[in-house]
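Peer 1: Structure below; questions to follow.
The values are calculated or read from the model by the stated rules, or taken from the named source; none is laboratory data. Note that this is a predicted model, so its numbers are computed, not measured. Here the Cβ positions follow ideal geometry from the backbone for every residue, glycine too, while neighbour counts run over all protein chains shown.
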Amino acid sequence: MKTQYYTATSLDGFIATEDDSLDWLFPLGDVTETSYPSFIADVGALAMGSATYEWMLRHAENVAAQTGAPWPYSQPAWVFSTRPHSIVPNADIRLVRGDVRTIHAEMRHAAGSKNIWIVGGGDLAGQFYDAGLLDEVIVQVGSVTLGGGKPLFPRLVTNPPLQLVSVRKIGPGFAELRYAVPKDKQVGTSRA
């Protein structure tokens, strides 16, 4: 069982524009041609930040048109937020706040032998990293630049660095990079 940050980023390191748009992402390729289908099959629980959840709510019609439901996940999801939110009907969504360590224990229990996916955003993944709970970063780097926006991983990670495990080309628009997070990562890290 792993806690994984699986996401896409622009070449210059942004997962969304300043206004949380992902419009840059969709023209780059078909999700079924990526590692996503096999990745999601091994996921037993999701962690999601409030901006990502709000994006899902704003785009529920598009999500439903593509996946057949306004909420495309069968796994339980923990949405980290300090603000109240509506809940997608018939979805197993838990609104939470506070230290990721406490909630991670609940997520591990719910996931069983499957993995935990940190869906987004970058700061939430960074909180799991800071707590020593992040095992793997899987990032699909798109062939576009945004010039600014929401950073992929707003942390200084230098000593020890992440360990590159694999690189894979996905169509004409993506390179998938898979990194292991060293467990002695606390030395030389800080918030950016």
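Peer 1: Do you know which of the residues in segment 99-128 that are within 18 Å of the chain's Cα centre (by Cα) and part of a loop (DSSP other than H, G, I, E, B) is farthest from Trp55 (Cα to Cα)?
Peer 2: Lys114
Peer 1: Please verify whether segment 38-51 includes one or more residues that are within 30 Å of Ala175 (Cβ to Cβ), under 17 Å from the mean Cα position of the chain (by Cα) and in a loop (DSSP other than H, G, I, E, B). Break it down stepwise before answering.
Peer 2: From segment 38-51, those within 30 Å of Ala175 (Cβ to Cβ) are 38-51; that's our starting set.
Narrowing further to those that are under 17 Å from the mean Cα position of the chain (by Cα): 38-51.
After this cut, where a residue has to be in a loop (DSSP other than H, G, I, E, B) as well, the list is 42.
Scanning segment 38-51 turns up at least one residue that is within 30 Å of Ala175 (Cβ to Cβ), under 17 Å from the mean Cα position of the chain (by Cα) and in a loop (DSSP other than H, G, I, E, B).
Peer 1: Check whether at least one residue in segment 61-82 is out of contact with any Gly (no Cβ under 9 Å at 6 or more places or on another chain), within 26 Å of Leu156 (Cβ to Cβ) and modelled with pLDDT under 95, and report yes or no.
Peer 2: Yes, because at least one residue in segment 61-82 is out of contact with any Gly (no Cβ under 9 Å at 6 or more places or on another chain), within 26 Å of Leu156 (Cβ to Cβ) and modelled with pLDDT under 95.
Peer 1: Same structure, new question: Can you find, within segment 176-192, the residue that is farthest from Gln140 (Cα to Cα) among those that are in a strand (DSSP E or B) and modelled with pLDDT of 95 or more?
Peer 2: Ala180
Peer 1: When you check Leu57 against the structure, is it surrounded by 12 or more Cβ atoms within 10 Å (Cβ to Cβ) and touching a residue at least 60 places away in the same chain (Cβ under 8 Å), yes or no?
Peer 2: Criteria not met by Leu57.
Peer 1: Can I ask one more? Which residues, taken from segment 148-171, are free of Cβ contacts under 8 Å to residues at least 40 places away in the same chain, within 19 Å of Ser10 (Cβ to Cβ) and surrounded by fewer than 17 Cβ atoms within 10 Å (Cβ to Cβ)?
Peer 2: Pro154, Val167, Lys169
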